Amino acid sequence: MSETIKAADEAGEFPIPSGVFAEKVLSVRHYTDRLFAFRMSRPASFRFRSGEFVMIGLPNAERPVFRAYSIASPAWDEELEFYSIKVPDGPLTEHLQKVQPGDTILMRKKPVGTLVHDALLGGERLYMFSTGTGIAPFASIIRDPETYERFAKVILVHTCRDAAELDYGRDLVATTRNDPLVGEEATAQLVHYASTTREETEQMGRITTLIENGKLFDDLDVPPLNPATDRVMICGSMAMLKDVKAICEAAGLTEGSNSKPGEFVVERAFVD
Ligand code: A2P
């Protein structure tokens, strides 16, 4: 241990590694015993595209643990928002879930990701399929005016185990519909379709099931997935990504990337 690290350790604080931003937590909200969201200050020089992710860590070790987090706030917001699961004994989330306003969060400087407009061709409808904290990048995208300029209908689909886990998405959609910048467009163009798989609610079923049995399209009163009109963004667990990707491919949609935009894009919800 170097003298600096030793001193920091004794003082209960570690030096900030080079090449990272050190930002302050502004607010924290716990949604369930598994889920929480926090907002932090945004470095003046930090630019990102709605839907991208960054590496987040805490200054609590000589070599802090960093994990990928989708930025849940839109590119125009003065603050940065993140939505996280609390992984039992998770090397980062075990500590991250305890942050309070005023605490320091580390963030690597380069945002990346494929759940961005640049990776998708234009179309009529944009579907965002998410499970659990996979809704985070879509929290950014539905608050971005470009989304409503590019797509006539914007469909946010979110499936969780129980109703309380849908609260973040419900609050998000309500706030977005009242937002001074995109509220009018979101009220007219944004559809929120939420379902649970374990708790009994009025709308139940996995996204995969709801697509395959056609219920999603019947409920929304739209035709099934079609590469001529539909674009898809997918974010959830590895298993969910694989299954929804297979459904998109079977419907004839091709995967896009930043260098070659396509008809659907995939990103895993990283913290697991
Ligand atoms: P289920 O309850 O049937 O497992 P988790 O909290 O474990 O990340 O799960 C979030 C949601 O994603 C749950 O509703 C879960 O359903 C659903 N899910 C898990 N695996 C898949 C999959 N392969 N395809 C679609 N949905 C999935």
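The values are calculated or read from the model by the stated rules, or taken from the named source; none is laboratory data. Fair warning: this is a prediction, and the values are worked out from it, not measured in the lab. Don't worry about glycine lacking a Cβ; one is built from the backbone with ideal geometry, like all the others, and counts go over all protein chains shown.
Can you find, within the stretch 260-272, the residue that is nearest to residue 229 (Cα to Cα) among those that are at pLDDT below 95 and of a type outside the set (A, V, I, L, M, F, W, C)? Among them, the one singled out is 267.
Being surrounded by fewer than 16 Cβ atoms within 10 Å (Cβ to Cβ), within 16 Å of the ligand (Cβ to nearest atom) and in contact (Cβ under 8 Å) with a residue 60 or more places away in the chain narrows it down to one of 239, 246, 164, 250, so name that one. Full working, then the answer.
Details: 239 fails: in contact (Cβ under 8 Å) with a residue 60 or more places away in the chain; 246 fails: in contact (Cβ under 8 Å) with a residue 60 or more places away in the chain; 250 fails: in contact (Cβ under 8 Å) with a residue 60 or more places away in the chain.
Sole residue among the options that is surrounded by fewer than 16 Cβ atoms within 10 Å (Cβ to Cβ), within 16 Å of the ligand (Cβ to nearest atom) and in contact (Cβ under 8 Å) with a residue 60 or more places away in the chain: 164.
Specify the residue that is nearest to the ligand (Cβ to nearest atom); the eligible residues are those in the stretch 80-119 that are within 17 Å of the chain's Cα centre (by Cα) and assigned to a strand (DSSP E or B). Among them, the one singled out is 85. Please indicate, with yes or no, whether at least one residue in the stretch 190-205 is more than 13 Å from the ligand (Cβ to nearest atom), charged (D, E, K, R) and in a helix (DSSP H, G or I). Scanning the stretch 190-205 turns up no residue that is more than 13 Å from the ligand (Cβ to nearest atom), charged (D, E, K, R) and in a helix (DSSP H, G or I).
So that you can scan it fast, the table gives a plain yes or no per residue for (1) within 16 Å of residue 175 (Cα to Cα); (2) surrounded by 24 or more Cβ atoms within 10 Å (Cβ to Cβ); (3) outside the structural domain of residue 225 (by TED's automatic domain parsing):
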residue	(1), (2), (3)
104	no, no, yes
125	no, no, no
130	no, yes, no
138	yes, yes, no
142	yes, yes, no
145	yes, no, no
149	no, no, no
158	no, yes, no
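When the stretch 69-79 is examined, which residues are found to be in a strand (DSSP E or B) and either under 10 Å from the mean Cα position of the chain (by Cα) or modelled with pLDDT under 95 (or both)? I'd like the intermediate steps shown before the answer.
Taking the stretch 69-79 and keeping what is in a strand (DSSP E or B), we get 69-70, 79.
Residues satisfying the conditions are 69, 70.
Which residue out of 190, 181, 210 is surrounded by 15 or more Cβ atoms within 10 Å (Cβ to Cβ), in the same structural domain as residue 251 (by TED's automatic domain parsing) and out of contact with any strand residue (DSSP E or B) (no Cβ under 6 Å at 6 or more places or on another chain)?
Numbers: 190 fails: out of contact with any strand residue (DSSP E or B) (no Cβ under 6 Å at 6 or more places or on another chain); 181 fails: surrounded by 15 or more Cβ atoms within 10 Å (Cβ to Cβ).
Residue meeting the stated conditions: 210.
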